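Here the structure comes first, spelled out in structure tokens, and everything after it is commentary.
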Amino acid sequence: MQPKTIQLPSQKIAYYESAGTGSPVMLIHGNSASGGSFRHQIENEFGRKHRVVAMDLPATVTATPPETWPRTACLAMHRW
């Protein structure tokens, strides 16, 4: 499962999407995780039945921090 990306004006956000076409479901990860942690929900029956999207929140491994954030703010977010 490879992430797709969305380029916003000040940063890039990675997300994962299932092949399903049913009701949309957005999965949001917790601290120290990423959208990839929902791999099993995206690739299995649930993902085939629903359109499942899991994004990487800003300041996670695959998302780039906004250009306007100071570097210390990104480090502080990782410690939450």
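What follows is calculated from the coordinates using simple rules that are stated; it is not laboratory data. Here the structure is a predicted model, which is why all the values come from computation and not from measurement. Cβ placement follows ideal geometry from the backbone for every residue including glycine, while neighbour counts extend to all protein chains displayed.
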Proxy exposure order for Leu27, Leu8 (fewest C-beta within 10 Å first) is Leu8, Leu27
Expected output is a single nm value to one decimal: the length gained when fully extending between Ser32 and Ile6, i.e. 0.36 nm times separation in residues minus the C-alpha distance. What is it?
7.2 nm
Ser23 paired with Glu45, simple spin-label distance in nm, labels 7 Å along Cα-to-beta-carbon
1.6 nm
